[in-house]
Amino acid sequence: MPQKTPDTVITLNKIKVACQSCSLYQLCLPLGLEGNDLDRLDNIIKRSHPLKKNQILFHQGDPFQSIYAVRSGSVKTYTIADDGSEQITGFYLPGELVGLDAISDDTHPCTSKALETTSYCEIPFSQLEVLSGELPSLRRQLLKIMSKEITHDANLLMLLGKKTADERLASLLISLSTRLKSRGFSATEFNLSMSRNDIANYLGLAVETISRLFTRFQEQQLIKVDGKFVQIMNPDSLRDMISDCTGYKNHQTTA
């Protein structure tokens, strides 16, 4: 039998680090779940093969059975109107929960599609509901997450109804920066997984307007753009631009 090398030895500390880097980090360890309680949560989680780009996680109108935690990659959610037009309602990054808006009617009100290769955890809600009833700390966290979802909806309405085009794009860039930083990624350099069309749709702007804004922000040395790669050069100026809509900066639902 081959002897284990230092690279193959797994310590408890390494296991904890791996859990903390998981999309379920804020649903688990910070709540004080240990030992059997943590195992109980882990036992209800389903892990499937990653989604490929443009593959559907769930469709608008599907019965609600589970919520989903993005582990890597990203997804968008959108509704489809009677005329077939698409309205994007959110972009979800690693560590964020998708599908909470289906709880009230037991039906998904939107479709979720992978923007790139995306891995995720499926959490059957009926089992999570039972478990959260037995674990008060887990129940409190779920309530906080749902509260953030409500706050996000309110802030998005304010963003689209009250803010200028410049403020809308600045808000999105700062939101992505803040959320990526909280997950251990760079806050100033990242790839946009969403297309310019998606960004325009989400922000309620024309694609041509988005293109002009990216050009203007570069000329003002706020950002540098190379294809989908964005480097934020002056985050303070971007934040000053959206100082009146600070609630939007952390607008997505974190697991």
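No lab work stands behind these numbers, since they all come straight from the coordinates. Since this is a predicted model, take the numbers as computed values, not measurements. Don't worry about glycine lacking a Cβ; one is built from the backbone with ideal geometry, like all the others, and counts go over all protein chains shown.
Applying 1/(1 + (r/R0)^6) with R0 = 25 Å to the Cβ-Cβ distance of Asn191 and Lys144 gives a FRET efficiency near 0.25. Counting every other Cβ atom within 10 Å of each residue's Cβ, Phe214, Phe91 order from fewest to most as Phe214, Phe91. Compared with the alpha-carbon gap, the fully stretched path from Lys53 to Ser182 is longer by 44.0 nm at 0.36 nm per residue. Cross-link check: pairs Lys53/Lys163; Lys52/Lys144; Lys52/Lys163; Lys148/Lys224; Lys181/Lys224; Lys76/Lys148 evaluated at a Cα-Cα cut-off of 28 Å; pairs beyond the cut-off: Lys53/Lys163; Lys52/Lys144; Lys52/Lys163; Lys148/Lys224.
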